[in-house]
Protein chains: 2
Amino acid sequence: MSTLDQIAKLSGFSKATVSRVLNGSRHVSPDTRKKILAIMKEQDYVPNRNAISLSKGRTQQIGMITMNLNELILHFMNGFVESAGRHGFQTIIYTTGGDSQKELQALEDLKRKRVDGLLILTSVSSPGLIASYRKYGPIVSWQRMDHPDIPSVAMNQFEGYALALEHLLTRGYTRIANAFGRPSSINTQSRREAYEQAMAAYSLPVDEQWYYSSIYSIADGERVLRSLMEQQNRPEAILCANDLVAAGIVSEARRQGLGVPENLAIVGFDDTELAKTMGITTVRNPVAGQAENAFRLLAPALLGKALALQPLAFSLAIRETT
Amino acid sequence: MSTLDQIAKLSGFSKATVSRVLNGSRHVSPDTRKKILAIMKEQDYVPNRNAISLSKGRTQQIGMITMNLNELILHFMNGFVESAGRHGFQTIIYTTGGDSQKELQALEDLKRKRVDGLLILTSVSSPGLIASYRKYGPIVSWQRMDHPDIPSVAMNQFEGYALALEHLLTRGYTRIANAFGRPSSINTQSRREAYEQAMAAYSLPVDEQWYYSSIYSIADGERVLRSLMEQQNRPEAILCANDLVAAGIVSEARRQGLGVPENLAIVGFDDTELAKTMGITTVRNPVAGQAENAFRLLAPALLGKALALQPLAFSLAIRETT
């Protein structure tokens, strides 16, 4: 692979002139441009993006901060990497394990222009600290931030959960359990609210015995099903924090010989591949759309133009488990 | 959050002295150290890792290059992020979409000391080009590289595939189809070899009609099953490139009312959560162990000491689909 120096030497023009051709500057005569481009082609020259970005004050890289990696985050990442890629931006993912020092390093990378913008998927840093870096470049988040300077593409899970509840209630299920995730999360609070409102609307009692929490994985779902099997007063349906939990409950029910949905209806959340494959009724979470919107929120600063946000909504995928 | 300047001002010592305390230098009196540490604590001072890393010529960051993100890669990434994290290193993931220019940017980041080492999961760059960056820092790969300067943690899939074949053949299956991935990949070649050797060992014919290729996803697996249903001369068993494909075949067989394993035995590869949940017989691929070994291969350069590699082997997880 040739370097800029070699192209300059071979063409007989200065590095500055070669560089102007690369950057599409108008201050080069058409004839010079033609000669230099011909030599670049002949030499199979690959421009070094770092050299270009230095001259433009840009890296064409967007940093993405995440505490951990899981299937849902993978889905979001893939959507974002694709959206950013379409506009010529590379995504660099900072894994932090929830270490505020590592998050700070990513924020400092924005300050030092190592990245042109930041997308926060999940973080432990205070919104105030994050917002203090807004002066160095655009920052958006997936996680809800509740800070005026950090736009977020988070959706209110109340809506999605309410859809799932309405579906179960109109099918006549009244004894409905909940497998929640992190008890203190805004999502869990929204789901609880949706549950309590729906039960009230149908004049049904809220039984806190049917609030499971810190349920995240397939193994957690299997455990929940085994614990349900030992109860005398068993629910007829269960709403899950995500599709993994639902998959665990479905597969354990199959092993224990419990009929789904006759004896237990099961609803997941997110509509992952897993839910499709296992035929699980679930709430479609437009994650790829949120990722696309995250890029669009960065667009004014990165592209110098605004891109309209896509309208997004939860919907229901009704399959064999309800 | 306080800055180094503030700590210097408040303590009455120079920035250089405060910096020496931060870096654990011995050239500071115990009394001075005590005073400065007390003020840092009082001010809730978070040292800026960039400042530290500049002084040490280290970033404590390892770059990971990947063309795309999928479940298996996620599994590897999680293993690596954890191994690296235990030794104080943050992992930064460069997504490239198979763009050689973006790979080059990551390689250049090693040269410019933005990362201390590189791990290549999948790339399109030539091993020669990658190896030319070895002088700037350690580089290891997951993908097979076949280059003396780039150690790889790739395992020969021949071994794993041979285990699966032996399992099917000893159970009496003789008409065995293959759902391969990328036709030109070293993995596919190794699997074909394993297949042809096993069939020869059992004096069975090799029927190329049962070589499916470019089969990667759940949807691909569903399509393969539908195509099998239309064949007169149907195989009794099918070996899949990964668990996603196997899951697609299993779920489509269920929909079409084809008995598994009575009418069709199915074996996956990797032993992902999906295979466990759906009860699919599969080959255990020690991906987390490979990730741990990848870090250990970087250790001499990063930690100044060698760490012994873990011995790894494929094994079989026999479940309900065989």
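Taken together, the values in this text are just the output of simple stated rules run on the coordinates, not laboratory data. Given the structure is predicted, the values throughout are model-derived calculations rather than measurements. Ideal geometry is used to build each Cβ from the backbone, glycine not excepted, and the neighbour counts take in all protein chains shown.
Numbers below:
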{"item": "Number of Lys pairs (Cα under 25 Å; 8 or more positions apart or on different chains) in chain A", "result": "24"}
{"item": "Nearest-0.05 FRET efficiency for A:Gln231 and A:Asn70, computed from C-beta distance (R0 30 Å)", "result": "0.55"}
{"item": "Chain A, relative contact order in percent, only Cα pairs under 8 angstrom and at least six apart counted", "result": "14"}
{"item": "Axis proximity, chain B to A: residue whose C-beta lies nearest, plus whole-Å distance", "result": "B:Ile93, 2"}
{"item": "Expected 222 nm ellipticity per residue - DSSP helices of 4 or more, -39500 (n - 2.57), all of the protein assembly as shown, to 500", "result": "-14000 deg cm²/dmol"}
{"item": "GluC sites (Glu not before Pro) lying in DSSP loop within the range B:202-291, provided at most 15 other Cβ fall within 10 Å", "result": "B:Glu230, B:Glu262"}
{"item": "Using alpha-carbon coordinates, inclination of helix B:287-303 to the longest axis of chain B, degrees", "result": "30"}
{"item": "Shielding by partners - mean other protein chain Cβ count within 10 Å, residues of B:80-93", "result": "4"}
{"item": "The protein assembly as shown - charge dipole about Cα centre, Lys and Arg +1 at Cβ, Asp and Glu -1, debye rounded to 20", "result": "3280"}
{"item": "Folded to 0 to 90 degrees: helix B:218-229 orientation relative to chain B principal axis, Cα", "result": "10"}
{"item": "Candidates B:Ala194, B:Ala84, B:Ala16: whichever shows maximal mean-square fluctuation once chain B is modelled as a Gaussian network with Cα springs under 10 Å", "result": "B:Ala16"}
{"item": "Distant-in-sequence amide H partners of A:Ala265 (H built 1.01 Å from N, under 5 Å)", "result": "A:Ala237, A:Ile238"}
{"item": "Among A:Leu239, A:Ser227, A:Trp210 - extreme Cα towards positive end, dipole of the range A:157-284, charges at beta-carbon", "result": "A:Ser227"}
{"item": "Estimated FRET transfer efficiency when R0 is 22 angstrom, pair A:Arg86-A:Lys113 (beta carbons, to 0.05)", "result": "0.45"}
{"item": "Karplus (6.51, -1.76, 1.60) ³J(HN,Hα), θ = phi - 60°, over the range B:77-93, in Hz, Gly and Pro reported as x", "result": "4, 4, x, 5, 4, 5, 4, 5, x, 4, 9, x, 9, 8, 9, 10, 9"}
{"item": "Cα centroid separation - the range A:195-220 against the range A:133-163, whole Å", "result": "26"}
{"item": "Position A:Gln209, label points 7 Å along Cα→Cβ, spacing to each other copy in nm (shortest first, one decimal)", "result": "6.1"}
{"item": "Selection from B:Ala265, B:Thr174, B:Leu104, by position along the positive dipole direction of chain B (Cβ)", "result": "B:Leu104"}
{"item": "Nitroxide proxy distance, nm - points 7 Å out along Cα→Cβ at A:Arg182 and A:Arg58", "result": "3.4"}
{"item": "Förster-model FRET efficiency, 41 Å R0, A:Arg284 and B:Ala154, C-beta, rounded to 0.05", "result": "0.65"}
{"item": "Volume per residue that the Cα convex hull of chain B spans, once the total is divided by residue count, Å³", "result": "165"}
{"item": "Total charge dipole magnitude, chain A, about the Cα centre, Cβ charges on Lys, Arg, Asp, Glu only, Debye to nearest 20", "result": "1960"}
